[in-house]
Every structure is written in structure tokens, then in C-alpha cells.
1. Being part of a loop (DSSP other than H, G, I, E, B), surrounded by 19 or more Cβ atoms within 10 Å (Cβ to Cβ) and either touching a helix residue (DSSP H, G or I) at 6+ places or on another chain (Cβ under 6 Å) or at pLDDT 95 or above (or both): is that true of residue 181 here?
2. Kindly establish whether residue 309 is modelled with pLDDT under 95, within 17 Å of residue 188 (Cβ to Cβ) and in a loop (DSSP other than H, G, I, E, B).
3. If residue 423 satisfies every condition in (1) farther than 20 Å from residue 244 by Cα; (2) in contact (Cβ under 8 Å) with a residue 40 or more places away in the chain; (3) part of a loop (DSSP other than H, G, I, E, B) but one, which is the exception?
4. Please specify each residue of the range 378-404 satisfying the condition of being in a strand (DSSP E or B) and in contact with a helix residue (DSSP H, G or I) (Cβ under 7 Å, 6 or more places away or on another chain).
5. I'd like to know if the range 370-377 contains one or more residues that are under 17 Å from residue 147 (Cβ atoms), outside any loop (DSSP other than H, G, I, E, B) and not assigned by TED's automatic domain parsing to the domain that holds residue 280.
6. Can you tell me which residue within the range 288-304, out of those that are more than 19 Å from residue 183 (Cβ to Cβ) and more than 19 Å from the chain's Cα centre (by Cα), is surrounded by the most Cβ atoms within 10 Å (Cβ to Cβ)?
7. Tell me, yes or no, whether the range 252-260 has at least one residue that is surrounded by fewer than 22 Cβ atoms within 10 Å (Cβ to Cβ) and under 24 Å from residue 401 (Cβ atoms).
8. Taking strands (runs of 3 or more DSSP E) that fall entirely within the range 54-137, which contain at least 3 residues that are in the same structural domain as residue 154 (by TED's automatic domain parsing) and surrounded by fewer than 24 Cβ atoms within 10 Å (Cβ to Cβ)?
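The values are calculated or read from the model by the stated rules, or taken from the named source; none is laboratory data. All values reported here derive from a predicted model rather than from experimental measurement. Here the Cβ positions follow ideal geometry from the backbone for every residue, glycine too, while neighbour counts run over all protein chains shown.
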């Protein structure tokens with residue numbers, strides 16, 4: 001997209017959205033039998049699953065793909081053609097995708113620092129969006145995405161697919177109904193085998209990589225391999241560490257089970273242990289949140305190396321991600337994305353259990369057709385609250401103190417240093433607007 005067209009898109013996006021919203025309100029939208037045309041944005045990692053997930057759905061067409069790395073873009077498009085016999089439209093700039101009237105919705109699997117801005121632009125351009133976790137890189141932009149989704153009547157799904165598991169839905173309802181008594185404590189775990197990323201030198205931008213578009217809202221820094229494909233997770237400019245990568249799934253379940261939003265207190269300690277490498281984010285961290293009015297506590301722990309399993313008996317070295325809930329009558333374990341087990345009483349007598357997943361992609365499409373965001377299993381605001389817990393923990397870790405939180409204002413109380421980290425300095429023109 002040239003600079004003239006970029007300015008034109010940014011100026012006209014809101015007007016386009018208003019027109020589309022008016023069309024929706026009169027019922028002029030895709031029926032159950034009409035094809036929804038999707039573009040998957042960000043193809044290197046999780047984007048492969050987005051392509052497969054949406055391509056498997058009836059009356060949904062993966063019509064386009066977008067990636068700033070032309071080698072990845074061409075590889076995914078070629079793989080898709082070999083599998084389906086269909087060619088897709090290819091983009092390297094997401095603004096060109098959003099300006100295309102033939103695209104109905106987008107699915108975003110870019111690095112975290114792009115998630116909210118692309119989502120806001122999509123809402124302004126009149127397109128629905130499925131956005132990978134975490135839905136934001138910081139609390140400020142997450143709230144702005146919620147505001148944009150509501151203002152433009154868009155469907156925005158958070159990629160915490162556990163929310164579509166039939167078994168976990170049942171488990172959460174049991175917790176809310178008091179099956180294990182008064183639930184006062186939830187713990188999430190993110191114990192994943194993460195080796196050192198070592199050091200990589202600064203180097204020229206590889207051919208075919210549109211680096212300015214990759215940087216987007218982030219500061220202009222030289223290219224290195226450790227700040228690019230996947231390892232961007234471990235740098236504050238682009239990622240949120242393993243808490244915002246894997247952990248947001250489990251903190252979402254913990255918060256869901258407790259029935260809470262933002263806390264009154266948030267505290268985290270940790271560090272980057274064992275390795276001398278380029279990673280900036282902690283690889284080990286313990287986070288605690290207190291909800292005073294509800295009298296509940298949420299705890300989360302990230303470990304990166306050899307660890308015991310507090311949820312089930314699994315082999316050493318396995319990834320251990322899941323949740324533990326404590327109630328006055330028993331405990332519940334959610335040891336995976338699709339199962340739960342209940343143990344009652346002092347002797348932990350085995351009780352109810354179930355293992356059954358769901359289809360998060362299909363849930364998004366259902367809401368796109370119904371035009372009712374309440375049909376979503378992981379609406380944008382639920383995603384915002386869960387991502388915000390990760391951000392609060394990371395900020396507490398970085399300023400090295402407990403944060404007192406105003407959960408309505410979504411800010412730390414009397415703490416300018418912490419609040420400065422709840423947003424960022426956006427690089428023009430990739431700016432999250434105060435008024436969406």
C-alpha cells in the first residue's frame with residue numbers, strides 16, 4: 001500500500017464501518033447459506049491452525065492470506081493450493097486487506113504488539129475479527145479494542161479456545177453452582193520446557209521481509225533473528241513473555257471459574273534464570289491477585305524448565321498447563337484444554353469427570369452470522385480482562401512492587417511508573433487512537 005492509499009484508508013475506515021453497521025441493522029448481511037470470506041493475517045506459527053480451522057467450516061472460504069514475510073506468505077499459499085486446489089489473494093500489508101471490500105472478516109495471528117491495532121482497524125473498516133491471545137499488548141489498547149467493537153457493532157473473538165470446550169463449560173458452571181462448595185482460590189500453571197534462545201547479531205533485513213510493517217506500533221530497532229519469528233515473545237516491545245503467550249489461556253480459565261474481572265491487588269516476582277541470552281521477559285514468575293469484595297484469590301506460576309506436576313502425574317519434561325480450584329467441599333482440576341476432574345472431601349475421593357472439546361472457529365462464525373456478540377464464547381471484553389491480568393503481573397514484576405488497582409479505571413492507584421507501562425509510545429502512523 002502506498003502512502004496516499006494508507007492515509008486514505010485511515011481517514012475512511014470509520015466511515016466505512018458506519019455504513020456497514022447500518023447495513024447490518026437493516027438485516028442486509030450474510031445468511032446461513034452465504035459464504036463468509038476470510039483473510040488470515042500472520043502465517044508463520046499459529047496462523048497455520050487458523051487456515052485449517054476456518055477452511056474446514058461449511059460456507060466459509062479462506063479467500064486471502066497476509067504476512068510481512070513473503071517467503072512465509074508464498075509457502076502457505078502454495079500449501080493451501082496443493083491441498084484444496086484453490087488460489088488465495090496475497091497481501092503483505094494488513095491495511096490493504098482491510099480496504100478490500102471482498103473480505104468479510106479477518107483472523108489475526110501476528111505478534112502480540114499488532115493484535116489490538118489490527119482489531120481496531122478491522123472494526124473501523126466494517127470487518128469482524130478473530131484475534132489470537134493475548135488480545136492486547138497492553139491494557140490501554142485492549143480497552144480501546146473493546147470500545148471499537150461495541151461502537152461499530154463488530155464481532156471480535158479472543159483466541160482462548162478453551163472457552164469452547166463442552167467439558168470446561170460444564171466445569172465452570174459447576175463451580176458457579178457451588179458443586180465443590182465456596183470456591184475461594186484458583187491457580188493456573190504454565191510449566192513449559194523452554195531452552196535458551198542464545199544471542200543473535202543485528203543484521204540487514206532479509207529479502208522479502210517488510211520490516212516496517214512488522215514493527216508497526218513498536219520502536220524502530222535493527223533487525224535480529226531473536227526479535228523476529230517466534231522469539232519476539234521474549235521481548236517487551238513485541239511480546240508479553242510466557243505469561244502472555246501460554247499463560248493467558250489458564251489465567252482466563254481461573255478468572256472465569258472465580259467469576260471475577262480485574263483485581264484490587266496484583267503482585268509478581270520472578271526473574272530470568274539459568275541462561276545468558278537475549279531474552280528480556282522473565283522465564284520464571286509467581287503472580288498473585290486479590291479480589292477484596294469477592295474474598296477470592298488467584299495465583300499463577302510460570303516455570304521454564306524441569307518441574308513437578310501439581311495437577312496430574314505426567315512424565316518429567318512434559319508441558320504442564322492447567323488449573324486447580326479449591327472449594328469448601330472439594331477441589332477441581334482442569335488439566336488440559338478439554339477436560340476436568342473433581343475430588344471431594346478431605347480424602348480427595350474421585351467424583352465427576354469429563355473430557356470433551358469444542359470448535360472455537362465455528363463459534364466465531366456463528367456469531368458473525370447472528371450479529372450478536374453474546375453468542376461468542378470468548379467475547380473481546382472477556383479477552384481484555386484476562387489479558388489485563390497478564391499485563392498487571394508483568395508491570396508488577398518490572399516495577400518490583402505490589403500494585404493497588406482501581407478495577408473500574410483499569411489503572412494502578414498513585415503509581416505513575418506502573419501506569420506508564422499500561423500503555424506504550426506508538427510509532428506513527430501505527431497509533432492506537434484515544435477515540436476509536
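1. Working: part of a loop (DSSP other than H, G, I, E, B): yes; surrounded by 19 or more Cβ atoms within 10 Å (Cβ to Cβ): no; either touching a helix residue (DSSP H, G or I) at 6+ places or on another chain (Cβ under 6 Å) or at pLDDT 95 or above (or both): yes.
No.
2. Details: modelled with pLDDT under 95: yes; within 17 Å of residue 188 (Cβ to Cβ): yes; in a loop (DSSP other than H, G, I, E, B): yes.
Against the criterion (modelled with pLDDT under 95, within 17 Å of residue 188 (Cβ to Cβ) and in a loop (DSSP other than H, G, I, E, B)), residue 309 qualifies.
3. Every condition holds for residue 423 apart from (1).
4. Narrowing the range 378-404 to residues in a strand (DSSP E or B): 379, 403-404.
Hits for the range 378-404 are 379, 403.
5. Filtering the range 370-377 down to residues under 17 Å from residue 147 (Cβ atoms) leaves 373, 376.
Narrowing the set further to residues that are outside any loop (DSSP other than H, G, I, E, B) leaves 373.
Remaining after also requiring not assigned by TED's automatic domain parsing to the domain that holds residue 280: 373.
Yes, the range 370-377 has at least one match.
6. Top of the filtered list is 304.
7. Initial filter on the range 252-260 (surrounded by fewer than 22 Cβ atoms within 10 Å (Cβ to Cβ)): 259-260.
Of the ones still in play, those that are also under 24 Å from residue 401 (Cβ atoms) are 260.
So far as the range 252-260 goes, yes, one or more of its residues are surrounded by fewer than 22 Cβ atoms within 10 Å (Cβ to Cβ) and under 24 Å from residue 401 (Cβ atoms).
8. On the way: elements: 60-66, 89-91, 105-108, 128-131.
Result: 60-66, 89-91.
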